[in-house]
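Here's the structure we're looking at; comments come further down.
Every number in this text was worked out from the coordinates using simple rules, so none of it is lab data. As the structure is a prediction and not an experimental result, all values here were calculated from the model.
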Amino acid sequence: MAARHSTADILDAAVHVRDAARSATAGSAGVDTVLAALSEVMEHDHASLTRWDPRRRRHTTLAGSYPEEATAYIETRLHRDPVFPVLHSPARGGLWLGDVPGPLLDASPGFQDVLAPLGIVDGVAQCLFTSDGRYVGMLNVSIRRPRRTPDPARAVVTLLTEALAATVASGEAGPAVPARPPGGLSPRELEVLAELTAGRTNRQIAELLHVTPRTVGTHIEHILAKLDLPNRAAAAARAAAWGIRSPH
């Protein structure tokens, strides 16, 4: 399906993507429908939506059209690519291939060994985060022949990330927690609390949850304040008593 080029048409197509994402989240349509709707926003040759599996430390493809080798790279090696830390931030939009500095592309096995042999010349990689900052997966879109992606389409891809993140996150397994979050803890604070039961350091927790150690430290401060506990050991003991445990 050809992409649309006027701003009005692109915004209309974006609504179709959002609606498809909501349907997929509700289980009434496949995730592949989301990618089909995305083709109305921007023309592409390959695309995929993947879910991050923190237990297995890899991505799982929910829908995609990449060749087998590229899919395997996205699933098992992309999170270790030198480009990944650049795009992995809730604060930034998608990273377009044309905007990646040359030296970084030269150092990227994903581009040199996977995308370049496919003839990829443009595209976007967009990390997906839930509203509380939890990393849940990625949108990858690749283009083989030179095309001009209209500026509104580039903006729309970023604006759609909330809906895409909800699609990717639906049905994922999370840490074992009580049905009603105790102590008024947020979902992210519960994740951090679960990792305290395993005796992990702030840096180790940060690596697992794809946040900074400082963010983990802030979450722990909030946990201790909300639960009126003196230290992380007491928080871990409270979590164990509640049956909360690390999924990793």
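Overview of values
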| quantity | calculated |
| --- | --- |
| Centroid-to-centroid separation of the range 99-144 and the range 37-85 [C-alpha atoms, Å] | 9 |
| Built amide H within the under 5 Å cut-off of A63, gap 5+ | L49 |
| The chain - percent relative contact order, Cα under 8 Å, separation 6 or more | 18 |
